[in-house]
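Everything on this sheet refers to the single structure shown next.
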Amino acid sequence: YHGYGENSPIQQMVDAYEMRDGTKFSWGNPLEAAHPYENRDPRFYATIFYDGAHWKKRYPDGQVYDPVGIIQAFTKLILPDGSTLPGIDTRQGPIENWNGSYPNYYLRKFLDINNDHLSVHQEIPWPYFRYAEVLLNYAEACIELGQDQEARGALNQIRKRGDMPEFPTSLTGNDLMEACRNERHVELAFEDKRFFDIRRWMIAPQVMNEDAKGIEITVHGTDRADRSTYHDYSYKVIDVQKRHWDDKMYFLPIPFAETQRNPLLVQNPGY
């Protein structure tokens, strides 16, 4: 995760991105489950590295496995003789596998494709507060006041910029608030907002108690370096890390040194 202020399991983050037509993505939909990275919200492709995502030409040690520059996050490539090969961008891959992700996703947002990430530290301005958040804050306040039309207007400015369908006038009340929160989830992904959002909305028990998930991908092919030979993809959501939420985590503990300085300080509940 980018910064401690991002507190969303990556698979949950991936699933939050809608389909291109504005409908929710669902693993229960056979067509979507068979092609989970097709026809998604354009912001998904700008934010997440997933199996099959195009990036840039590999460094020399990786070109023998991938001469083009396509993320290999598949778990297992099954060859005609029954033997298997892992994707090179996994914890089983042949290059720096210790640095692979457990969910088999990576962060694309903020990366400059022209930077030499092997030897040059990338520096970019950090978006502490940008106009999209102004609109999201305003929309949320409007919904709380029952001003749904005003809220939709603000949210649709963000949707339009992201090349997504506008929210219809039929979307109101609690459904609009749910859509607003999801819009905030995907628009401000990895910008140190989600950690605080789930606490102020007090939805942490619902979104943080489920074990962290990842993706397991099996595919058939004849040559790891030639993706045109790949066929019969299979995707399976897997558990990658145990998670447990305790309501005391709505607050941080008061440091021991501070309680020593002022004995009148009362420690937060549960610590």
**OP:** Would you work out the relative contact order for the chain, in percent, from Cα pairs under 8 angstrom that are 6 or more residues apart?
**Re:** 23
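In segment 1-86, carbon and sulfur make up what percent of the accessible area (probe 1.4 Å)? Could you put the intermediate results ahead of the total?
Working: 2430 of 4080 Å².
Ligands and nucleic acids excluded, carbon and sulfur reach 59 percent.
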**OP:** Quick one: dipole size for the chain, taken about the Cα centre, charges +1 on Lys/Arg Cβ and -1 on Asp/Glu Cβ, in debye to the nearest 20.
**Re:** 320
Original post:
So what does the Cα-only Debye profile of the chain read at q = 0.16, 0.17 Å⁻¹, as log10 I(q)/I(0), no solvent term?
Top reply: -1.32, -1.41
Subject >> Ile10, Ile217, ranked by accessible area, largest first (probe 1.4 Å) >> reply: Ile10, Ile217
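Taking Cα pairs under 8 Å and at least six residues apart, what relative contact order does segment 1-147 come out at, in percent?
Details: 148 pairs, mean separation 22.1, N = 147.
In percent, rounded to a whole number, it is 15.
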Original post:
So how much accessible area does Asp211 have, in Å² to the nearest 10, using a 1.4 Å probe?
Top reply: 30
Original post:
If you project the alpha carbons of segment 114-250 onto the principal axes, what extent comes out on each, in Å, largest first?
Top reply: 58, 39, 38
Original post:
Which of the trypsin sites (Lys or Arg not before Pro) found in segment 30-79 are in a DSSP loop and have at most 14 neighbouring Cβ atoms, other than their own, within 10 Å?
Top reply: Lys56, Lys57
Subject >> Helical mean residue ellipticity (222 nm; -39500 (n - 2.57) per DSSP H run of 4+; nearest 500) of the chain >> reply: -8000 deg cm²/dmol
Original post:
With every protein chain left in place, what is the accessible area per residue of the chain in square angstrom, probe 1.4 Å?
Top reply: 56
Original post:
Carbon and sulfur atoms: what percent of the 1.4 Å accessible area of segment 174-260 do they account for?
Top reply: 51
**OP:** Using only Cα atoms, locate the centre of segment 223-260 and the centre of segment 89-168, then give the distance between them in Å, rounded to an integer.
**Re:** 18
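The values are calculated or read from the model by the stated rules, or taken from the named source; none is laboratory data. Only a predicted model underlies this, so the values are computations on that prediction, with no experimental measurement involved. Don't worry about glycine lacking a Cβ; one is built from the backbone with ideal geometry, like all the others, and counts go over all protein chains shown. Protein only, heavy atoms only, side chains kept; ligands, DNA and RNA dropped before computing areas. Shrake-Rupley method; radii C 1.70, N 1.55, O 1.52, S 1.80 Å.
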